[in-house]
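Scroll down for the structure; my scribbles are underneath it.
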Amino acid sequence: MTPALGRALAALTTGIYVLTVRDQRCRHGMSSSWVTQVSGNPALLVAAVARGHLSHAMIARAGCFALNVLGQRGRHLEDYFYSPASRHADNLATIATDDSPDGVPLLRDAMASLECRVRDRHVAGDHTLFVAAVERVTWRETDRPLTSQDLEYVYVGQVVKRSL
């Protein structure tokens with residue numbers, strides 16, 4: 001990727017989320033910014049997940065996940081899930097969670113959690129696009145959503161550092 005392309009892609013504003021999944025007894029979370037709504041009726045969103053990421057295989061097997069929307073007060077969650085400390089299989093052990101009726105971990109410090117059921121998947125380069133129906137929503141607090149513009153880095157297929 002050229003430096004100019006990296007800078008241009010980093011200028012695209014994205015939300016900052018933590019995608020969580022449970023596969024049997026293992027619970028995992030990952031920082032995610034490649035997410036968007038793709039339908040209003042039914043409410044569908046798409047999450048792009050790298051095929052080599054542990055969460056990818058777990059989502060493919062479980063068929064469901066939660067998209068946890070981070071607000072400014074949940075910034076510590078992004079800091080953790082971006083850090084090397086989170087790069088292991090059951091990385092939710094020290095994070096405050098509640099389980100959805102389907103057993104999907106929901107982050108208590110997220111401003112909202114959307115419980116999603118995978119409807120379709122499409123290979124897109126080195127990622128899979130998981131198209132998912134929003135089945136339940138947990139709204140916790142009003143906060144300003146965290147975006148890529150709030151971070152000193154952005155993921156564009158590789159991490160690009162930038163000054164704020």
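The values are calculated or read from the model by the stated rules, or taken from the named source; none is laboratory data. Since the structure is predicted, the reported quantities are computational estimates derived from the model, not experimental observations. Note that each Cβ is placed from the backbone with ideal geometry, even for glycine, and that neighbours are counted across all protein chains shown.
At a glance:
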quantity	calculated
Those residues of the stretch 54-72 which are surrounded by fewer than 17 Cβ atoms within 10 Å (Cβ to Cβ) and closer than 18 Å to T14 by Cβ, in sequence order	Q72
2 or more residues under 18 Å from Q158 (Cβ atoms) and not hydroxyl-bearing (S, T, Y): qualifying strands (runs of 3 or more DSSP E) within the stretch 24-97	44-50
Residue in the stretch 137-155 that is under 28 Å from A10 (Cα atoms) and free of Cβ contacts under 8 Å to residues at least 12 places away in the same chain present	no
Of residues in the stretch 114-136 being surrounded by 14 or more Cβ atoms within 10 Å (Cβ to Cβ) and either at pLDDT below 90 or among the aliphatic types (A, V, I, L, M) (or both), the one nearest to the chain's Cα centre (by Cα)	L114
Test result for T13, touching a strand residue (DSSP E or B) at 6+ places or on another chain (Cβ under 6 Å) and surrounded by 19 or more Cβ atoms within 10 Å (Cβ to Cβ)	no
The lone exception for R22 - which of (1) surrounded by fewer than 21 Cβ atoms within 10 Å (Cβ to Cβ); (2) touching a helix residue (DSSP H, G or I) at 6+ places or on another chain (Cβ under 8 Å); (3) of a type in the set (D, E, K, R) it fails	(1)
Residues located in the stretch 58-114, provided they are in contact with a Cys (Cβ under 8 Å, 6 or more places away or on another chain) and under 19 Å from L146 (Cα atoms)	A66, L67
Extreme residue, nearest to G157 (Cα to Cα), among residues of the stretch 1-16 that are modelled with pLDDT under 80 and not in a helix (DSSP H, G or I)	M1
Matching residues in the stretch 81-99 - criterion: being surrounded by 15 or more Cβ atoms within 10 Å (Cβ to Cβ) and modelled with pLDDT of 95 or more	N91, L92, I95, T97
Among the residues listed as L107, L67, the single one being in contact with a Phe, Trp or Tyr (Cβ under 7 Å, 6 or more places away or on another chain) and modelled with pLDDT of 95 or more	L67
